[in-house]
Structure formats: structure tokens, C-alpha cells
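Written below as C-alpha cells is the structure these notes are about.
The values are calculated or read from the model by the stated rules, or taken from the named source; none is laboratory data. Values in this document were obtained by computation on a predicted structure and should not be read as measured data. In this analysis, Cβ positions are derived from the backbone assuming ideal geometry, glycine residues included, and neighbour counts consider all displayed protein chains.
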Amino acid sequence: MPRHASSYNYEDYDDGYDDDYGDGYDEGPSGYEDYDDYTPPARTQPAAAGRAASNKGKQPSVMAQFISQPQQAKKKKKGKSKGDIPAQDTAKPPARTVEAVKLQPSTSAGAGASTGAGVEATAIPPFTFDTPSPDDQVIAAQSGALPRADKRSAAAAPAFVPIQQKMKSLQVAAGPKQAEAGQSAAACPPRKPLEQYQADDALVALAAGQHDKASIHLVVVGHVDAGKSTLMGRLLHALGKVDQKAAHKNAKEAQAVGKPSFAWAFALDERPEERERGVTVDVALAHFDTPKYRVTLMDAPGHRDFVPSMITGTSQADVAVLVVDASVGEFEAGFAETQGTAGCGQTREHAQLVRSLGVDQLIVAVNKMDMVDYSQERFEEIRTIMAPWLKKLGFKEAGVQWVPVSGQLGENLWAAAEAPAFSQWAAATGLPHLVEAIDATHPPPRLTGMPLRLMATEGTKSFTLGQAAVGGKVVGGVLRAGTRVLVAPVMELATVKVVEMAGAAVAAAQAGDTVDVGLVGVDPLHLRAGTVLCDPEFPVAVASRFEVRIMTLDLRIPLLRGHQVMVHLHAESLPGRLVILKATLNPKTGEVLKERPRCVAARQAALAVVEIERPICCERFADYRMLGQVTLRDAGTTLAVGIITALEDV
Ligand SMILES: Nc1nc2c(ncn2[C@@H]2O[C@H](COP(=O)(O)OP(=O)(O)OP(=O)(O)O)[C@@H](O)[C@H]2O)c(=O)[nH]1
């Protein structure tokens, strides 16, 4: 339901939290009311959210997370084939208009060794990274980046200039030509209250008319080697998004690096280091159609070192597919509360993060059913273990679907299971196949009636987009060629030259769409992951201090005032610290338990003020969900998740 700020009723917002965040995390049967019983993830190892860029026709950029690239499928396939080497395949449902988009990340990742269970192998060798990861480097740099919270260093802390002050002194160009020429004409307007915004109904209708189907954003998460990329690579091929030639090329390359079982995964894992190691390093993006939806797929990395990338992908998602490995020992490893000194399995951590980032629709894909002879008992065992635990995390029973599959063999993905041992019971239980499960989800309300917010995940360029362009998700409002936008946080005015979806120009785009936007009048160097394009009269907030309502996870040591953390907020990750602990709260009611506490313990709710090293684009969660979710991490461990409740220097 598109909402205007003035009519926005946050308590009605079905983000899965039964009530306003201010009243605590869930109070219904699906909420966090059992939070005390919940055993959240323990510490994980230092993280690396490395990204490297390589993409045809697009410019790699250091901060970019995603680079989308259209790839036209050549022809429809006939006949269904299963196995390691892709053969003639019939998509069921039938192949549709095809444009697969591959997304490649843009800064290079930490080194690591390959791992993975092949089709034949059941044991997954431990993953070892033997060089410092990018996160390690960030963490190392972070120690010197911000002063400690004692009085001496606080006095020495660099003063942040409020962005409003900067904006007042900013002169921005009145038009693209003037801007190109570096001439400035008008002062940046003040931030008007969102309630005053009047949507352009004609433009909203035009943007809505661009779609023959509703769009949905799907993130695929789960423990390392659970089979996420294989599952999605197999599905994309079946749906005609990966053509036969590309599939054969992937099979050959997988053979060449000694990992034939990764042939399907190579459809999404395109970077050389991902292929060498058999491990997804960053989020891969693709598009496909189901009978009901136009799906934007984000394949997230499973390895604990890449959780920040997973967070970036999940922060844009409407629905999550949690892939668990049914193999004996592997499910247990992914679901483990502790894995030696390495923290919990990523089945746990990912499910917790998905829920905490506001995604309340989950498809649990119990994968590698072929490894357990398609045993119904094994499937039910996993469901029995996980269902109550997911409920404690806050997933409502109706919001969780269960799908037994074999990604490698294409069983129960786009058509009912065919293997005799599988089809016997799968049909009787009435469980959906994966595509049916996707179609049974519901797109969340889109903020088309709100002022424009386009959350960029990359700065890019191409022949059609021009030199200055961004790729990202529209999280509020509508835009089209000719729309004047303010580029934040640099606060430069620009004009939209072209809007593309999946590589094709469109007349307009709306909240919920993933787009590439070519701009005129802005320095391409100012376009990067974390940039937000917004309505010049109703600009996005830009702040370096905000009040957050947090819920801590499983902490080894309590969070203290001054605690240094990595702050993850949409596509931004940067060092910050907890400058004030305002209160600990009752997680169910939001009632203040203690004002100005000295620390916040594990699994506690609290109100805190977070300060980051430079101002970034952000919003209150109540206004724009995707620009108001915060994850606090330290040394590769997620410490707390939260939402922005107030912006201090706006
Ligand atoms: N037998 C069998 N093997 C599978 C299946 N799905 C995936 N695999 C194998 O599991 C291994 C890991 O697969 P990936 O798709 O790379 O796993 P992933 O979850 O994407 O891995 P990360 O993204 O690195 O966490 C590969 O050897 C796959 O062939 C399946 O359904 N059956």
C-alpha cells in the first residue's frame, strides 16, 4: 500500500514486528516474547566484505556492491534434464522473456581456501583464510579511526560539522548545463517535513504502468555450502535465464578448476576467486519471472567472513530463501549454536539477521535431499527442529514456507519432484515447489506516494547510461528521465537522463524497482554505494549521529558506552561508536528499565546514540524502512541490530 507520510501509520506497518518498535519487539505469539529462551548466535571470526569489480560494459568502482548486467538468453529450451552437465532443459513454468542480470561486487575480497561438498562428498572441509581480509584491515584501521570515549579523547574528537550547516553554505546548480560547467545558482533548500509532500499522481500511474507483474526482491541466505548458488543457478537455467552455451561454459570451467559439482553455482559465482575457492564472496544479482512475479534475486554469501555483504543484500529484500543442507552432519553444523571458537552456524545467524532487518516472509529450502535418499523423515526432523526456533525469532507460522529440494538435480524447483522416492511423499504432503512458494509470498507495501529515495549500491557507467550513473533500489517515490534529483550526501543537483530496468530503458520507475539511472550535472566521482538520489525539496537526511533502538545478540562482553563498532546501514559500512547509552528497555513493552546504564548485556533492548565517522544518508525507520535499519558489528561478530528512531544532527 503506497503511503504518504501524512497518512503513514507506523503501527499498521506489517514489518513483522507486531507493534511499533517503540513498544518492543513483537508482543504476539510470533514475536520476541520468548526472546529469553532464544539462543542467538555467538561470535564469529573477523569479517571481510570484500568486493571486486569486473563487469562487461560497466565501470568497476571501489565502493560498489553490485554491478548489474543484462544477459539475453538465446533461446527457449526443450526437455528437462538434470545432473551436473546442463543439457536441453525445459523451463516449467515455460521460459519467459529473458533477461538475466549478473551482479558483481566491486572491491576485492580477502583470500580464502576453497571448500565445499561436492555431489559425491558429504564432509565439508573447514574453510581457512590465510591472508588478512578487507574487514580485518578495516577493523585494524578502525582502532585508530575514532577516539575512545574517555574524557580526554572525547575532547580530542574531531567535531562533526552538521550537514545542515554544510548545506546552507552549499551552492548548487540550477540546471544540468550550469552544473556541468561548474556554475552554481541556488542555495540548497531546507528539509521540508515529509507530511507536506504531494505525489504526482500521473507519474505514479506512469511508473505503475511499466509493470505487467508485481516485483519482489528475494535474498538467498544460509550456511556456507548449503547449495544457495547451485539452487539458484539451476533454477535460472531452467527458467531460460542462463542459456545452454553459458551453462556448458560454466560446466567446462568448473571441470577445469577441479570443481565439477559447482557448474550450476558458476552461473552466479562469476568472480575468479569465487570460482577458484568454490565460495561466494559477494551478493550476486539476477532477475527471473514466475507466473505471478518479476523476481529480483540476490544470492548472498554463506561464509561468516562475508556477513556484511549478506546484510547489504538482505536490507533490500522483501522475502528470504533460507537454504539448509539436509545432509547428515551438515544441517547440524549450520544450525550449531557454537562451532568451536568460530561462533554459531550461519543458518542461525542469517535467520536472525533476516528477521531483524525487517523481512518477515521466509521460504526454508531444505536442500540436497538427494544426499539423504529423499527421506521424508529427515525433512520432517529438520522442520521439527527449526519451526519452533523460527517462531521464537519472530517469524509468524503463516510467514514461513517449507520446500524440500535438490538444487543440483533440479528436483522440486520449478515443477513437482520427479524422483520416485521423492515424488511419492512430496505430492501427498501438498508442499509447494520453490516457484510456487515464491508466488505464495506477498510484496510489501511500496512507498510510491513518498518523496523520492533511490538507494545506490554502486556508481556505474555504460554506453546508454553515460559516464555518471548509479545502480540501486528505489525505496520511495517515483522517477523518470527529466526528474530533477538531489544527489546526497554530496548535495549536488542533477537531472535524470535515462532510467533502465534490467538493461532496458523504461519511461518511469517506482518504489520497489531495481534500476540503473544515468545522470547529468553531477561529478561521477560523487556516485558510489551509499549515495542516495532524492527529491530536492524533500531531501534525505544526512547525519553522523542518530538515536537507535537496538537489540543485542549473544555478547561475550557487554556493550559499554564508547564501544567502537562497525556500523552497517544500507550500502554503507563505517566505523562508529556508541556515544550514549540512554536506557535499557523492556523488549516487549518498550518501557524504560534503567536510564543511563553503564552497559547493555546480551539479548537486551536499549536506546543508544551512535556516532559515525562521517555523515551518511539515513532516515528514521518509521519513514523509510530500508534507510533506517542498523547493524552493529565488531571483529566479525554481529553485536546488535536496530532501527533509527531519531536523527540528531539533521
Ligand atoms: N548432492 C548435492 N549437492 C549439492 C546440492 N546443491 C549444492 N550441492 C553442492 O554443494 C556444494 C556447494 O554448493 P554452492 O552452491 O556453492 O553452495 P553455496 O551455499 O552457494 O556456498 P556459499 O555461497 O559459498 O556459501 C557444491 O559442491 C554443490 O555441487 C544438491 O542439491 N545435492
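Of the residues R545, R596, the single one that is over 26 Å from P193 (Cα atoms) and among the charged types (D, E, K, R) is R596. Pick from segment 492-524 the residues that are modelled with pLDDT under 90 and in a strand (DSSP E or B): which of them is surrounded by the fewest Cβ atoms within 10 Å (Cβ to Cβ)? Filtering first and then ranking leaves A504. Of all residues in segment 190-231, those being near the ligand (Cβ under 9 Å from one of its atoms) and not hydrophobic (A, V, I, L, M, F, W, C) number 7.
Every listed requirement among (1) surrounded by 24 or more Cβ atoms within 10 Å (Cβ to Cβ); (2) under 23 Å from the mean Cα position of the chain (by Cα); (3) within 30 Å of A511 (Cβ to Cβ) is met by L639 save one, (3).
Please go through segment 344-361 and pick out each residue that is outside any loop (DSSP other than H, G, I, E, B) and in contact with a Ser or Thr (Cβ under 9 Å, 6 or more places away or on another chain). Steps first, answer last, please.
Of the residues in segment 344-361, the ones outside any loop (DSSP other than H, G, I, E, B) are 346-356.
Once the filter is applied, which keeps residues that are outside any loop (DSSP other than H, G, I, E, B) and in contact with a Ser or Thr (Cβ under 9 Å, 6 or more places away or on another chain), segment 344-361 yields Q346, R348, E349, H350, Q352, L353, V354, S356.
Looking only at segment 387-408, which residues are under 20 Å from V328 (Cα atoms) and buried (at least 21 other Cβ atoms within 10 Å of the Cβ)? The answer is V403, P404, V405, S406, G407, Q408.
Kindly provide the set of residues from segment 427-454 that are without any contact (Cβ under 8 Å) to a residue 24 or more places away in the chain and either in a helix (DSSP H, G or I) or touching a strand residue (DSSP E or B) at 6+ places or on another chain (Cβ under 8 Å) (or both), ordered by number. Don't jump to the end; show me each part of the working.
Restricting attention to segment 427-454, the residues satisfying the condition of being without any contact (Cβ under 8 Å) to a residue 24 or more places away in the chain are 427-428, 430, 436.
Of everything in segment 427-454, those that are without any contact (Cβ under 8 Å) to a residue 24 or more places away in the chain and either in a helix (DSSP H, G or I) or touching a strand residue (DSSP E or B) at 6+ places or on another chain (Cβ under 8 Å) (or both) turn out to be A427, A428, E436.
Out of all the residues in segment 581-590, is one or more farther than 30 Å from P539 by Cα, among the basic types (K, R) and outside any loop (DSSP other than H, G, I, E, B)? No, because not a single residue in segment 581-590 is farther than 30 Å from P539 by Cα, among the basic types (K, R) and outside any loop (DSSP other than H, G, I, E, B). Mind checking whether some residue in segment 358-379 is within 13 Å of the ligand (Cβ to nearest atom), touching a residue at least 40 places away in the same chain (Cβ under 8 Å) and under 20 Å from the mean Cα position of the chain (by Cα)? Among the residues of segment 358-379, at least one is within 13 Å of the ligand (Cβ to nearest atom), touching a residue at least 40 places away in the same chain (Cβ under 8 Å) and under 20 Å from the mean Cα position of the chain (by Cα), which makes the answer yes. In the condition set (1) away from the ligand (no atom under 11 Å from the Cβ); (2) surrounded by fewer than 24 Cβ atoms within 10 Å (Cβ to Cβ), A254 is compliant with all but (1). So, in segment 302-335, of the ones that are at pLDDT below 75 and outside any helix (DSSP H, G or I), which residue ends up nearest to the ligand (Cβ to nearest atom)? Here the residue is G302.
Only one of L553, L560, L578, L574 is closer than 26 Å to V470 by Cα and either of a type outside the set (V, I, T) or out of contact with any Phe, Trp or Tyr (no Cβ under 6 Å at 6 or more places or on another chain) (or both); which? Full working, then the answer.
Numbers: L553 fails: closer than 26 Å to V470 by Cα; L560 fails: closer than 26 Å to V470 by Cα; L578 fails: closer than 26 Å to V470 by Cα.
Result: L574 is the single residue among L553, L560, L578, L574 that is closer than 26 Å to V470 by Cα and either of a type outside the set (V, I, T) or out of contact with any Phe, Trp or Tyr (no Cβ under 6 Å at 6 or more places or on another chain) (or both).
Out of E380, E411, which single residue is at pLDDT 90 or above and surrounded by fewer than 20 Cβ atoms within 10 Å (Cβ to Cβ)? Break it down into steps so the answer makes sense when it comes.
Details: E411 fails: surrounded by fewer than 20 Cβ atoms within 10 Å (Cβ to Cβ).
Within the list E380, E411, the selection yields E380.
Can you find a residue in segment 233-247 that is at pLDDT 85 or above and near the ligand (Cβ under 9 Å from one of its atoms)? Within segment 233-247, one or more residues are at pLDDT 85 or above and near the ligand (Cβ under 9 Å from one of its atoms).
For segment 199-223, enumerate the residues that are charged (D, E, K, R) and under 30 Å from P301 (Cβ atoms).
Matches in segment 199-223: K213 only.
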